[in-house]
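Chemist: My questions will all concern the structure given below.
The values are calculated or read from the model by the stated rules, or taken from the named source; none is laboratory data. This structure is a prediction, so every number in the text was calculated from the model and none was measured. Counting neighbours? That spans all protein chains shown, and the Cβs are built from the backbone with ideal geometry, glycine included.
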Amino acid sequence: MSMALAQKLAAESIAAVAAGQNLQDVLAAIRARYPDLSAQENGALQDIAYGCQRYLGSLKFMLGKLLNKPIDNAKLESLLLAALYQLHYTRNAPHAVVNEAVEEIGRIGRGQYRSFANAVLRRFLREKDKLAAQCKYDDTARYNLPQWWTAYLQNHYPKYWHNIAAALQLHPPMTLRVNRRKGNAAQYLAALTEAGIEAKALDDYAVTLSEAVPVTKLPGFSDGLVSVQDFGAQKAGYLLAPQPGERILDACAAPGGKTGHMLELADCEVTALDIDEARLARVKSNIGRLGFEAALKCADAQDLAAWYDGRMYDAVLADVPCTASGVARRNPDIKWLRRPTDALKTARQQEALLDALWQVLKPGGRMLLATCSIFAEENSGQSDKFLNRHADAKLIEEHVLLPNKHQDGFYYALIRKL
């Protein structure tokens with residue numbers, strides 16, 4: 001395996017995210033350019049790229065302590081940050097990390113940064129314990145969150161903000177939803193034990209693994225025995241509670257985890273709607289693996305003329321676009337890409353979508369407003385405004401799920417149409 005190549009490409013991703021690009025898109029583009037990366041190289045690239053975003057606050061803080069002045073070369077800074085992550089958070093051989101970083105940095109310009117980089121990285125090896133201890137005195141370094149984000153958590157979750165900040169720094173759990181048509185958690189735990197995979201049950205149909213594994217190693221995955229779905233995301237299906245024979249709309253359905261869960265829960269007629277054709281193909285693939293079908297429609301949910309056939313729905317899952325602040329540990333670049341005003345902007349965009357979806361719901365029907373956000377503007381603030389706009393709407397129940405070791409952050413509001 002070429003650690004040097006993984007380090008170099010991960011540094012590219014750091015610079016790209018710093019320039020405002022989405023990490024998943026950046027890594028997809030890198031892998032398209034380097035189709036021959038080995039499994040080990042891909043794994044190392046993924047680890048360094050995601051690890052640097054997860055701990056960017058502490059990495060930048062420690063690097064800053066080693067400098068006399070800020071670095072004005074993005075490639076140099078990114079390579080140093082990638083090397084610091086490897087030296088501090090991985091078991092990579094320190095001498096190899098330093099040598100390969102210095103070698104790549106030596107190719108910048110006329111090689112004028114080589115000795116500088118060598119000195120910085122070797123000094124970090126000598127002082128890393130002291131530098132790490134200093135992180136606790138700087139909020140951005142300690143919580144690996146922008147200052148505005150930490151302040152938001154303190155203001156909106158005064159009792160829980162420490163726990164939320166800590167959870168957002170954890171590696172996300174790999175949780176499975178057992179297809180109740182084919183088994184339960186106890187039965188699937190036995191199959192995992194036989195396969196040598198350690199796990200525990202979270203409820204009768206949810207299992208969390210001690211360590212993530214490729215889905216190809218999961219017993220019966222290709223046969224639809226289980227799906228990968230966060231424990232908090234699984235709550236959506238239970239709250240909407242599909243009944244046999246009901247006509248249900250899953251708006252913004254991709255990648256289809258909630259679509260599949262609803263079909264597992266009841267023999268219902270589901271319309272899966274998404275604006276992106278490629279993402280809708282994933283819905284078809286995911287529910288097909290489970291042995292189900294749904295009516296798939298590619299359209300903007302707000303444009304009723306483009307997809308709605310006039311037959312009203314008994315229930316609507318409105319899994320609306322949001323800042324994804326509740327799943328920041330799965331997508332740690334979100335912490336650095338979001339801005340303080342983003343939640344208000346997405347909340348305004350959600351309003352027209354929710355109003356359109358309300359039109360296709362039968363009187364007596366129910367709509368579940370769902371987000372993977374922990375920002376109140378998109379959650380309780382959104383549901384309050386919706387209830388004020390619609391006299392025929394009544395809030396049945398509301399749930400705020402905060403990130404913890406078992407689940408990501410979600411918001412749910414179940415609303416009845418009178």
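Chemist: As an exercise: evaluate Arg329 against (1) in contact with a Pro (Cβ under 8 Å, 6 or more places away or on another chain); (2) within 29 Å of Lys182 (Cβ to Cβ); (3) in a loop (DSSP other than H, G, I, E, B) and give the number of the one condition it does not meet.
Modeler: Condition not satisfied by Arg329: (2).
Chemist: Here's something else I'd like to know. Please go through the stretch 243-259 and pick out each residue that is touching a residue at least 40 places away in the same chain (Cβ under 8 Å) and crowded, with 16+ Cβ neighbours inside 10 Å.
Modeler: First pass over the stretch 243-259, keeping only residues touching a residue at least 40 places away in the same chain (Cβ under 8 Å): 243, 246-253, 257-258.
Matches in the stretch 243-259: Glu246, Arg247, Ile248, Leu249, Asp250, Ala251, Cys252, Ala253, Gly257, Lys258.
Chemist: Same structure, new question: Output the number of the condition that Asp72 fails; it satisfies all remaining conditions of (1) buried (at least 20 other Cβ atoms within 10 Å of the Cβ); (2) part of a loop (DSSP other than H, G, I, E, B).
Modeler: The failed condition is (1).
Chemist: Could you look through the stretch 191-242, keep only residues that are in contact with a helix residue (DSSP H, G or I) (Cβ under 9 Å, 6 or more places away or on another chain) and of a type in the set (Ser, Thr, Tyr), and pick out the one that is surrounded by the fewest Cβ atoms within 10 Å (Cβ to Cβ)?
Modeler: Per the stated criteria, the residue is Ser222.
Chemist: Can you tell which of Lys335, Lys297 is basic (Lys, Arg), farther than 30 Å from Leu145 by Cα and crowded, with 17+ Cβ neighbours inside 10 Å?
Modeler: Details: Lys335 fails: farther than 30 Å from Leu145 by Cα.
When all the criteria are applied, what remains is Lys297.
Chemist: Among the residues of the stretch 136-163 satisfying the criterion of being in contact with a Phe, Trp or Tyr (Cβ under 6 Å, 6 or more places away or on another chain) and in contact (Cβ under 8 Å) with a residue 12 or more places away in the chain, which is surrounded by the fewest Cβ atoms within 10 Å (Cβ to Cβ)? Working first, answer last.
Modeler: Quick first cut of the stretch 136-163, residues in contact with a Phe, Trp or Tyr (Cβ under 6 Å, 6 or more places away or on another chain) only: 138, 141, 144, 150, 153-154.
Those left that are additionally in contact (Cβ under 8 Å) with a residue 12 or more places away in the chain: 138, 141, 144, 150, 153.
Numbers: Asp138: 17, Ala141: 23, Asn144: 26, Thr150: 19, Leu153: 22.
In this case the residue turns out to be Asp138.
Chemist: Now, a different point. Keeping to the stretch 204-236, report how many residues are of a type outside the set (S, T, N, Q), within 16 Å of Gly257 (Cα to Cα) and not in a loop (DSSP other than H, G, I, E, B).
Modeler: In the first step, residues of the stretch 204-236 are kept if they are of a type outside the set (S, T, N, Q); the result is 204-207, 209, 211-215, 217-221, 223-226, 228, 230-233, 235-236.
Restricting the remaining residues to those that are within 16 Å of Gly257 (Cα to Cα) gives 205-207, 215, 221, 223-226, 228, 230-233, 235-236.
Still in the running and not in a loop (DSSP other than H, G, I, E, B): 206-207, 215, 226, 228, 235-236.
The qualifying residues number 7.
Chemist: What are the residue pairs meeting all of these: first residue in the stretch 34-63, first residue without any contact (Cβ under 8 Å) to a residue 60 or more places away in the chain, second residue outside any helix (DSSP H, G or I) and acidic (Asp, Glu), Cβ atoms under 7 Å, and 6 or more apart or on different chains?
Modeler: Close Cβ pairs satisfying both conditions: none exist.
Chemist: Follow-up. Do any residues in the stretch 298-313 that are within 10 Å of Asp274 (Cα to Cα) have Cβ atoms under 9 Å from those of residues that are assigned to a loop (DSSP other than H, G, I, E, B) and among the hydroxyl-bearing types (Ser, Thr, Tyr), where the two are at least six apart or on different chains, and which pairs are they?
Modeler: Close Cβ pairs satisfying both conditions: Ala299/Tyr308.
Chemist: Any chance you could count how many residues in the stretch 110-120 are assigned to a loop (DSSP other than H, G, I, E, B) and free of Cβ contacts under 8 Å to residues at least 12 places away in the same chain?
Modeler: Keep residues of the stretch 110-120 that are assigned to a loop (DSSP other than H, G, I, E, B), which gives 110-113.
Those left that are additionally free of Cβ contacts under 8 Å to residues at least 12 places away in the same chain: 110-112.
Number satisfying all stated conditions: 3.
Chemist: Those residues that are farther than 23 Å from Val102 by Cβ, part of a helix (DSSP H, G or I) and of a type in the set (S, T, N, Q), I need them from the stretch 35-52; list them, please. Reasoning before the result, please.
Modeler: Step one: list which residues in the stretch 35-52 are farther than 23 Å from Val102 by Cβ, which gives 35-36, 38-39, 42-43, 46, 50.
Subsequent filtering for residues that are part of a helix (DSSP H, G or I) retains 39, 42-43, 46, 50.
Listed by number, the residues that qualify are Asn42, Gln46.
Chemist: Residues being in a loop (DSSP other than H, G, I, E, B) and not hydrophobic (A, V, I, L, M, F, W, C): count how many of those fall in the stretch 1-34. First the steps, then the outcome.
Modeler: Of the stretch 1-34, the ones in a loop (DSSP other than H, G, I, E, B) are 1-2, 19-22, 34.
Add one more test, that the residue is not hydrophobic (A, V, I, L, M, F, W, C), and what stays is 2, 20-22, 34.
Going through the stretch 1-34 one residue at a time, the tally reaches 5.
Chemist: With respect to Leu56, determine if the residue is crowded, with 23+ Cβ neighbours inside 10 Å and closer than 30 Å to Lys130 by Cα. Full working, then the answer.
Modeler: Numbers: crowded, with 23+ Cβ neighbours inside 10 Å: yes; closer than 30 Å to Lys130 by Cα: yes.
Here the answer is yes, as Leu56 does meet what is asked.
Chemist: Now for a separate question. For the stretch 165-181, give me each residue that is surrounded by fewer than 22 Cβ atoms within 10 Å (Cβ to Cβ) and in contact (Cβ under 8 Å) with a residue 24 or more places away in the chain.
Modeler: Of the residues in the stretch 165-181, the ones surrounded by fewer than 22 Cβ atoms within 10 Å (Cβ to Cβ) are 165-167, 169-174, 180-181.
Within the stretch 165-181, Ala167, Gln169, Leu170, His171, Pro172, Pro173, Met174, Arg180, Arg181 meet the criteria.
Chemist: Restricting attention to the stretch 59-68, does a residue exist that is at pLDDT below 95 and either surrounded by fewer than 22 Cβ atoms within 10 Å (Cβ to Cβ) or out of contact with any Pro (no Cβ under 8 Å at 6 or more places or on another chain) (or both)? If you could, list the steps in order and put the result at the bottom.
Modeler: Residues of the stretch 59-68 at pLDDT below 95: 68.
Narrowing further to those that are either surrounded by fewer than 22 Cβ atoms within 10 Å (Cβ to Cβ) or out of contact with any Pro (no Cβ under 8 Å at 6 or more places or on another chain) (or both): 68.
Yes, some residue in the stretch 59-68 is at pLDDT below 95 and either surrounded by fewer than 22 Cβ atoms within 10 Å (Cβ to Cβ) or out of contact with any Pro (no Cβ under 8 Å at 6 or more places or on another chain) (or both).
Chemist: Within the stretch 1-30, how many residues turn out to be over 19 Å from Glu104 (Cβ atoms) and surrounded by 15 or more Cβ atoms within 10 Å (Cβ to Cβ)?
Modeler: 2
Chemist: Which of the residues that make up the stretch 401-416 are surrounded by 18 or more Cβ atoms within 10 Å (Cβ to Cβ) and assigned to a strand (DSSP E or B)?
Modeler: Those that are surrounded by 18 or more Cβ atoms within 10 Å (Cβ to Cβ) and assigned to a strand (DSSP E or B): Leu401, Phe410, Tyr411, Tyr412, Ala413, Leu414, Ile415.
Chemist: Yes or no: Ala328 over 25 Å from Phe410 (Cβ atoms) and of a type in the set (A, V, I, L, M)?
Modeler: Values: over 25 Å from Phe410 (Cβ atoms): no; of a type in the set (A, V, I, L, M): yes.
When the stated conditions are applied, Ala328 does not pass them.
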